[in-house]
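The values are calculated or read from the model by the stated rules, or taken from the named source; none is laboratory data. Please read all numbers here as calculations on a predicted model, not as lab measurements. All Cβ positions, even for glycine, are placed from backbone atoms using ideal geometry, and neighbour counts span all protein chains on display. Accessible surface areas use protein heavy atoms only, side chains included; no ligands, DNA or RNA. Shrake-Rupley method; radii C 1.70, N 1.55, O 1.52, S 1.80 Å.
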Amino acid sequence: MKELKTMVDEETFILLIDLCERMRAERYASQVYDLITDSSTLLSLRTGNSLLSMFVRFRDLGNAWYVFGKMSERDLFSWNVLIGGYCKGGCFDECLGLYDRMLWAGVRPDVYTFPSVLRTCGRVKDLGRGLRLFREMIESFFVPDLMTMTSVISACEFTGDERLGKTVHGYAAKHVFRKDVSIDNALIQMYSRFGAWEEAERVFSTIRTKDVVSWTAMISGYEKNGLPEKAIEVYKNMKMENVALDEITIASVISACASLGLLDMGVELHKYAKRTGLLSYVIVTNALIDLYSKCKLIDKALEVFQRIPDKNVISWSSIILGLHINNRSVQAIYFFRKMKVRLIPNSITLISVLSACGKIGALMTGKEIHAYALRTGLGFDGFVPNALLDMYVKCGKMKTAWKQFNSIEKDIASWNTMLTGYAQRGNGPGAIDLFNKMVKSDVKPDPVTFISLLCACGRSGMVENGLEYFRIMAENYYIVPNLKHYACVVDLLGRSGKLEEAHAFIISMPIQPDQAIWGALLNACRIYRNVELGELAARNLINMNESESLRYYTLLCNFYAEIGKWDEVARLKILMTEKGVTVDPGCSWVEVKGKIHAFLTGDQTHPQEKEINAVLDGFYSKIGFDVFKNNIDASKADILCGHSERLAIGFGLINTAPGMPIRVTKNLYMCQNCHNMVKFISKVVRREIAVRDTECFHLFKDGLCSCGDAGYKLRILS
DNA sequence: TTAGGGTTAG
């Protein structure tokens with residue numbers, strides 16, 4: 001190495017650095033750097049500047065900073081490159097700090113300095129400082145150039161100062177740089193962020209020669225405003241105009257495909273990226289992870305993920321979220337742990353993993369992440385406080401949830417999350433109480449609030465209250481009921497046995513009922529064995545858009561099983577196989593000593609299988625073998641249960657100390673048999689057993705359940 | 001001779 005050092009001159013080093021940059025050969029960057037220097041020598045201005053720009057391009061700000069410190073002298077270029085690097089890399093404090101140091105060192109900024117600093121002022125929401133800088137710039141006889149104006153617009157965009165943004169727009173329009181496309185591009189971005197997508201559209205349409213940035217800004221602008229169809233349309237127009245895609249465009253288009261579930265188009269873009277080399281950009285692979293996850297091809301997403309050489313925090317967050325939404329929450333948590341030893345998670349990562357914890361009731365893990373969030377300062381960042389709240393609510397820890405609720409800055413989502421806790425427990429009075437507190441605190445309820453409220457009323461048989469809130473919602477809060485609200489009312493009436501009223505309500509709806517509405521009626525008819533209305537609901541369900549109806553086929557099966565129409569059940573089952581409708585296998589999770597254990601229905605591979613079954617058999621014999629083991633009538637409503645919670649509870653009993661509570665989470669409904677059995681177990685072992693299923697939170701204690709057997713009562717009667 | 005715009009995850 002030393003020999004090589006003496007052989008090669010500065011010119012060659014600079015060529016080498018240039019080569020690394022051009023080839024995006026990040027791996028060799030440090031090696032070239034090692035070649036040039038040892039710890040005692042200082043870098044020349046030229047070599048230093050070249051190295052600086054290389055590291056900045058590779059987003060390696062640590063090494064860039066190191067090079068900056070090792071330079072024998074620095075010029076304006078050196079400062080500008082590093083300031084720009086910090087701005088682009090999201091290190092805003094460092095960027096502004098470096099700018100101050102530059103002034104302190106007596107170096108005057110130029111037109112290259114201002115854009116980065118202005119942009120940064122916007123990102124840290126310090127528009128005052130940005131505008132002071134802008135004024136100083138003009139007073140120092142700098143003529144603001146295009147990028148400077150663009151940056152002022154960007155600053156307005158981030159600080160949310162729409163009025164000033166428009167003024168700058170007007171100013172720019174009157175001046176010569178109006179003709180340049182970059183101003184228009186910044187405007188598209190600004191208007192999109194303000195939700196004024198029509199304004200953005202207008203600016204876009206006036207650009208005569210749109211460049212790749214204009215197209216991308218418009219595509220992502222639509223996507224940001226929840227209009228992915230329009231984003232795709234713009235992309236198609238872009239292709240017709242033969243504008244070449246780059247990595248940012250393709251990532252934005254893939255993102256739009258993910259929103260719309262356009263798998264085929266996404267796959268085409270994947271192939272295109274492979275052909276053109278764009279796949280080597282992490283932004284593109286990240287977008288693909290999201291696409292495959294949302295299209296339920298999680299293994300494909302994992303494949304893309306594994307192949308990324310330099311996974312960043314977005315790659316990890318995307319795969320964690322992907323695993324979670326594809327019912328692989330345990331694996332999502334595992335990936336989070338793996339990530340933590342390599343990279344620092346951000347608030348979005350935490351939100352994703354907390355959501356996974358909530359889904360499977362991993363309370364200990366959730367608490368651990370809570371502690372981690374507080375340690376790293378992310379505990380009060382963005383949506384993290386609400387994500388923590390949601391986790392506690394989903395894990396059934398209402399007391400801890402209240403503690404969290406009282407310690408955070410509350411928004412409407414925080415209140416709604418607490419309300420879902422009461423809805424989940426079928427605690428109507430609790431929900432109403434909370435709603436009143438909410439109103440007293442001057443928080444305006446939104447459509448989501450009423451969904452939880454109606455749901456809580458429905459599950460505690462408070463029909464009159466529910467109907468009253470449905471009325472209040474429109475009359476006092478001017479909220480137009482949507483399909484979900486209507487479904488809640490149908491459910492509310494149906495559950496209390498008012499089937500005719502529920503039907504009449506559907507008929508009177510001002511909008512076309514959807515599958516969920518007929519599904520709610522069908523479910524009520526199943527419970528009350530109302531054949532006539534049930535078949536009517538079933539017919540309506542089947543006659544609707546098939547891809548949406550398929551989700552209700554298990555419910556249909558259950559209904560026909562319940563009323564003894566076995567030929568219908570058989571017909572539906574064949575249909576389900578033909579259409580490829582899969583039923584999620586029953587799965588229950590139990591957390592023991594911070595480790596999550598999953599049990600699938602009929603799982604016979606568990607190392608403690610024998611012990612678990614021995615414990616369960618003990619209960620079966622105590623309570624009457626016939627009723628609780630043989631009476632698992634797979635043809636009845638119980639087919640939706642799977643009974644996996646029994647295995648989880650058995651495992652919990654064996655592996656925890658006597659008297660300790662056991663908490664189980666389940667992905668399907670709990671059947672009446674299991675419900676009775678767990679009541680019995682709680683009495684015998686004198687332990688609290690909590691089971692959260694998809695419908696309700698059950699806390700079993702001394703042979704009783706907190707749900708008061710709601711939802712099971714009728715079956716006991718019949 | 002090197003520099004500044006559009007950026008994927010909730």
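All of A:THR249, A:THR216, A:THR150 fail the test of being open to solvent by less than 50 Å² (accessible area, probe 1.4 Å), near DNA strand B (Cβ under 10 Å from one of its atoms), in a helix (DSSP H, G or I) and at pLDDT below 80, apart from A:THR150.
In the range A:128-143 there is no residue that is open to solvent by 30 Å² or more (accessible area, probe 1.4 Å), within 13 Å of DNA strand B (Cβ to nearest atom) and under 33 Å from the mean Cα position of the chain (by Cα). Within the set A:LEU363, A:LEU297, the sole residue that is crowded, with 22+ Cβ neighbours inside 10 Å and on the phi < 0 side of the Ramachandran plot turns out to be A:LEU363. Within the range A:226-246, the presence of at least one residue that is near DNA strand B (Cβ under 8 Å from one of its atoms), touching a residue at least 12 places away in the same chain (Cβ under 8 Å) and surrounded by fewer than 23 Cβ atoms within 10 Å (Cβ to Cβ) is confirmed. Does at least one position in the range A:516-532 carry a residue that is within 34 Å of the chain's Cα centre (by Cα) and of a type in the set (Val, Ile, Thr)? Yes, that holds for at least one residue. In the range A:255-266, of all residues being crowded, with 19+ Cβ neighbours inside 10 Å and under 16 Å from A:LYS296 (Cβ atoms), the one that is nearest to DNA strand B (Cβ to nearest atom) corresponds to A:ALA258. Per the listing A:ARG59, A:ARG108, A:ARG101, A:ARG119, the residue uniquely in a helix (DSSP H, G or I), modelled with pLDDT under 90, of a type outside the set (Asp, Glu) and open to solvent by 40 Å² or more (accessible area, probe 1.4 Å) is A:ARG119.
How many residues does the range A:153-192 contain that are open to solvent by 50 Å² or more (accessible area, probe 1.4 Å) and at pLDDT 80 or above? Adding up the residues that qualify gives 1.
When you look at A:TYR191, is it touching a Ser or Thr at 6+ places or on another chain (Cβ under 9 Å) and away from DNA strand B (no atom under 11 Å from the Cβ), yes or no? Against the criterion (touching a Ser or Thr at 6+ places or on another chain (Cβ under 9 Å) and away from DNA strand B (no atom under 11 Å from the Cβ)), A:TYR191 does not qualify.
Within the range A:312-339, residues that are under 18 Å from A:LYS300 (Cα atoms) and part of a helix (DSSP H, G or I) reach partners that are among the charged types (D, E, K, R) and more than 11 Å from DNA strand B (Cβ to nearest atom) with beta carbons closer than 6 Å, at six or more positions or on different chains, in the pairs A:SER329/A:LYS359. Taking the criterion of being among the β-branched types (Val, Ile, Thr), surrounded by 14 or more Cβ atoms within 10 Å (Cβ to Cβ) and farther than 18 Å from A:ARG459 by Cα, the residues of the range A:490-547 that qualify are A:ILE506, A:VAL531, A:ILE542. Scanning the range A:273-287 for residues that are assigned to a helix (DSSP H, G or I) and either among the hydroxyl-bearing types (Ser, Thr, Tyr) or more than 8 Å from DNA strand B (Cβ to nearest atom) (or both) gives A:ALA273, A:LYS274, A:ARG275, A:THR276, A:LEU278, A:LEU279, A:SER280, A:THR285.
Conditions (1) more than 25 Å from A:LEU323 (Cβ to Cβ); (2) away from DNA strand B (no atom under 13 Å from the Cβ); (3) out of contact with any Pro (no Cβ under 6 Å at 6 or more places or on another chain), marked per residue:
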{"position": "A:PRO345", "(1), (2), (3)": "no, no, yes"}
{"position": "A:ALA362", "(1), (2), (3)": "no, yes, yes"}
{"position": "A:ASN416", "(1), (2), (3)": "yes, yes, yes"}
{"position": "A:ASN436", "(1), (2), (3)": "yes, yes, yes"}
{"position": "A:VAL439", "(1), (2), (3)": "yes, yes, yes"}
{"position": "A:ILE451", "(1), (2), (3)": "yes, yes, yes"}
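Can A:LEU291 be described as touching a Cys at 6+ places or on another chain (Cβ under 8 Å) and under 30 Å from A:ASN667 (Cα atoms)? When the stated conditions are applied, A:LEU291 passes them.
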